[in-house]
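Only the coordinates and a few stated rules stand behind these numbers; no lab work does. Bear in mind that the values here come from a model prediction, so they are computed numbers and not experimental data. We place every Cβ from the backbone using ideal geometry, glycine too, and count neighbours over all the protein chains shown.
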Amino acid sequence: MPKSTVHLLRHGEVFNPEGILYGRIPGYGLSELGFEMARRAGEHFAEQHQAGVKLVRVVASPLLRAQQTAEPTASTLDLPIHTDERVIEAGNRFEGMSKVATQLRQPKYWSYVRNPFKPSWGEAYRDQVTRMREAMQEHRQAAVREAGDGAEVVIVSHQLPIWVTRRASQGQRLWHDPRQRECTLTSVTSFEFEGDQLVDLRYTEPNADLLAGAANIPGA
C-alpha cells in the first residue's frame, strides 16, 4: 500500500487591530509578521523537498489569509495553489464581533451558547471533521496518482477545523477548551497514511520563535 502524508498548515498572523473575530469575513489578510511566518513556512517545506520529500500538491482555503500563507510554499515548490472550500474556517454566529466574552453577558446571545458540545454558536464539530477528511482524502489520493508512493500534500486551513480533525483522528472528544488547542499560527499538523490507514500523527512549529509577539484569537 502506498504511503502518503497530509500536512495541515495553519495560516499566519492576520492584520486585525480591532481584535475582530473575523471568521469567514472576506478581506482579512496577513500582517507583516504573518507574511514573515508564511515565508518561513515556505522555507520549511522547501528544505524538506530538497531533502527528498515528495511534496507535490498545495491546497488552501479560499480565505485571503490562507491564500497568502500558501503562496510562498507553492512558489518555492513551483506548484499551483488548489483552492478548496472544504478546508475553510468554521462558521460562527459571533463572526464580526470583538470582545466576545464581554458581549456574551447580553441575554440576546445566550441562546447561542446553550450547547457547547455541538457547538450551538456555529458549525458542528463533526461537520468540520467530515469536510476536512473528505478534502484530505481527495487531495492525498490525487497526489499518489501524480507521484506514487510517498507523495505529500500541504493544505493551508484554520485553527478550529485542523484541531477537531486531529482530535477525531486521535479518538478524542471533539468539544474542548479553545485555550488548550495545540495549533499555533503556521503550525504543521501532519497525518501519515499507509493506503487509507492513518499510521502516524505529528505536530511541529516552524515559527515557534515568532509566536510570543503574535496576536492569536481562538477560532480565528
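Taking only pairs six or more apart or across chains, which ones have beta-carbon atoms under 8 Å, a first residue in segment 19-43 that is assigned to a loop (DSSP other than H, G, I, E, B), and a second residue that is surrounded by fewer than 16 Cβ atoms within 10 Å (Cβ to Cβ) and basic (Lys, Arg)?
Matching pairs, first to second residue: GLY19/LYS99.
Tell me which of these GLY12 doesn't satisfy, since it passes every other one: (1) out of contact with any Lys or Arg (no Cβ under 8 Å at 6 or more places or on another chain); (2) buried (at least 19 other Cβ atoms within 10 Å of the Cβ); (3) within 15 Å of LEU63 (Cβ to Cβ).
(1)
Considering only segment 169-200, how many residues are among the aliphatic types (A, V, I, L, M) and under 15 Å from the mean Cα position of the chain (by Cα)?
Taking segment 169-200 first, the residues among the aliphatic types (A, V, I, L, M) are 174, 185, 188, 198-199.
Now drop any that are not under 15 Å from the mean Cα position of the chain (by Cα), which leaves 185, 188.
Total meeting the criteria: 2.
For segment 125-183, name all the residues that are of a type in the set (S, T, N, Q), more than 28 Å from VAL53 (Cα to Cα) and touching a residue at least 12 places away in the same chain (Cβ under 8 Å). Let's see the steps before the verdict.
Within segment 125-183, the first condition is being of a type in the set (S, T, N, Q), and the residues that meet it are 128, 130, 137, 141, 157, 159, 165, 169-170, 172, 180.
Then keep just the ones that are more than 28 Å from VAL53 (Cα to Cα); that gives 128, 172, 180.
The one that is of a type in the set (S, T, N, Q), more than 28 Å from VAL53 (Cα to Cα) and touching a residue at least 12 places away in the same chain (Cβ under 8 Å): GLN128.
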